[in-house]
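What follows is a short report on a single structure.
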Amino acid sequence: MINVNIAGLKISFEFGFFAVAAVFYLLDAPELALTAVCACVIHEIGHCIAAVISDIKIEQLVFWAGGVKMISASSLKPVYSEVFVLFAGPFFNFAAALFFYLTGADWAFSVNLILGLFNLLPFSNLDGGAVLRKILEHYELNSSLIMKAVAIISAAIIIAFFYIFNTGNITGYITVILLTVYEFCY
């Protein structure tokens with residue numbers, strides 16, 4: 001792991017981040033890999049701006065195989081502040097997608113739209129799943145059990161969609177399976 005400290009913000013890069021970036025670079029066109037990195041930066045900027053608006057101090061950014069995680073000093077309260085910060089990332093991707101659509105930048109439009117939608121899926125490692133977990137915990141429901149059930153149902157629907165529409169996207173299948181497995185391991 002590589003750690004850097006910039007103005008009190010700890011930034012960590014895990015090996016998995018570089019491994020996934022290299023795989024995507026090799027599997028896709030290099031310009032698509034760069035566009036995806038830029039879309040991730042746009043996404044995280046959305047979270048950071050929402051955190052600043054909500055007066056939340058970010059202590060650490062961790063670049064890992066699944067993307068980027070922001071770690072705050074303490075649990076965000078109230079729940080609506082957490083939900084606001086979590087939804088800000090996908091919102092920024094959707095805003096960027098609209099901009100790129102209007103300017104005719106098809107790759108950037110597609111990548112930002114897909115990243116925004118992907119992050120709304122109800123898996124714990126994604127923004128949609130984190131929102132669902134926060135809401136379940138707020139109402140004192142068994143979030144662990146419900147998140148596992150939601151992960152299995154969501155994975156089945158997504159895999160069926162990939163199969164029915166013959167996407168041939170092996171990366172999509174693997175990603176959905178890994179997200180579901182993660183739900184049971186952590």
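The values are calculated or read from the model by the stated rules, or taken from the named source; none is laboratory data. Quick caveat, the model's predicted, so the values are computed rather than measured. Counting neighbours? That spans all protein chains shown, and the Cβs are built from the backbone with ideal geometry, glycine included. When the accessible area is computed, the model is the full protein with side chains, heavy atoms only, and any ligands, DNA or RNA have been set aside. Shrake-Rupley method; radii C 1.70, N 1.55, O 1.52, S 1.80 Å.
Key figures
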quantity: Cross-chain or 6+ apart pairs with Cβ under 7 Å, the stretch 77-96 first and closer than 13 Å to Ala51 by Cβ, then open to solvent by 60 Å² or more (accessible area, probe 1.4 Å) and hydrophobic (A, V, I, L, M, F, W, C); calculated: Ala88/Ile49; Phe92/Ile45
quantity: Some residue of the stretch 11-22 being within 21 Å of Phe118 (Cα to Cα), at pLDDT below 90 and in contact with a strand residue (DSSP E or B) (Cβ under 6 Å, 6 or more places away or on another chain); calculated: yes
quantity: Test: Ile164 is at pLDDT below 90 and under 29 Å from Leu32 (Cα atoms); calculated: no
quantity: Considering residues of the stretch 71-91 that are among the small types (Gly, Ala, Ser) and touching a His at 6+ places or on another chain (Cβ under 6 Å) only, the residue surrounded by the fewest Cβ atoms within 10 Å (Cβ to Cβ); calculated: Ala88
quantity: Residues (within 14 Å of the chain's Cα centre (by Cα), among the hydrophobic types (A, V, I, L, M, F, W, C) and surrounded by fewer than 16 Cβ atoms within 10 Å (Cβ to Cβ)) located in the stretch 49-70; calculated: Ala65
quantity: Selected residue (criterion: most open to solvent (accessible area, probe 1.4 Å)) from residues of the stretch 115-137 that are in contact (Cβ under 8 Å) with a residue 40 or more places away in the chain and among the charged types (D, E, K, R); calculated: Lys134
quantity: Filter result for Glu183 (more than 21 Å from Pro78 (Cα to Cα) and of a type in the set (D, E, K, R)); calculated: yes
quantity: Check on Ile6, of a type outside the set (Asp, Glu), open to solvent by 60 Å² or more (accessible area, probe 1.4 Å) and at pLDDT 90 or above; calculated: no
quantity: Residue under evaluation Gly46, criteria (1) touching a residue at least 40 places away in the same chain (Cβ under 8 Å); (2) in contact with a strand residue (DSSP E or B) (Cβ under 6 Å, 6 or more places away or on another chain); (3) open to solvent by less than 30 Å² (accessible area, probe 1.4 Å), criterion not met; calculated: (2)
quantity: Residues being part of a helix (DSSP H, G or I) and among the small types (Gly, Ala, Ser) - total across the stretch 160-186; calculated: 2
quantity: Residue among Val150, Val176, Val111 that alone is among the β-branched types (Val, Ile, Thr), surrounded by 14 or more Cβ atoms within 10 Å (Cβ to Cβ) and at pLDDT 95 or above; calculated: Val150
quantity: Flag for Ala21 being touching a residue at least 24 places away in the same chain (Cβ under 8 Å), more than 14 Å from the chain's Cα centre (by Cα) and part of a helix (DSSP H, G or I); calculated: no
quantity: Ala95 farther than 23 Å from Ile158 by Cβ and crowded, with 16+ Cβ neighbours inside 10 Å; calculated: no
quantity: Residues located in the stretch 138-147, provided they are open to solvent by 70 Å² or more (accessible area, probe 1.4 Å) and either in a helix (DSSP H, G or I) or under 15 Å from Ser124 (Cα atoms) (or both); calculated: His138, Asn142, Leu145
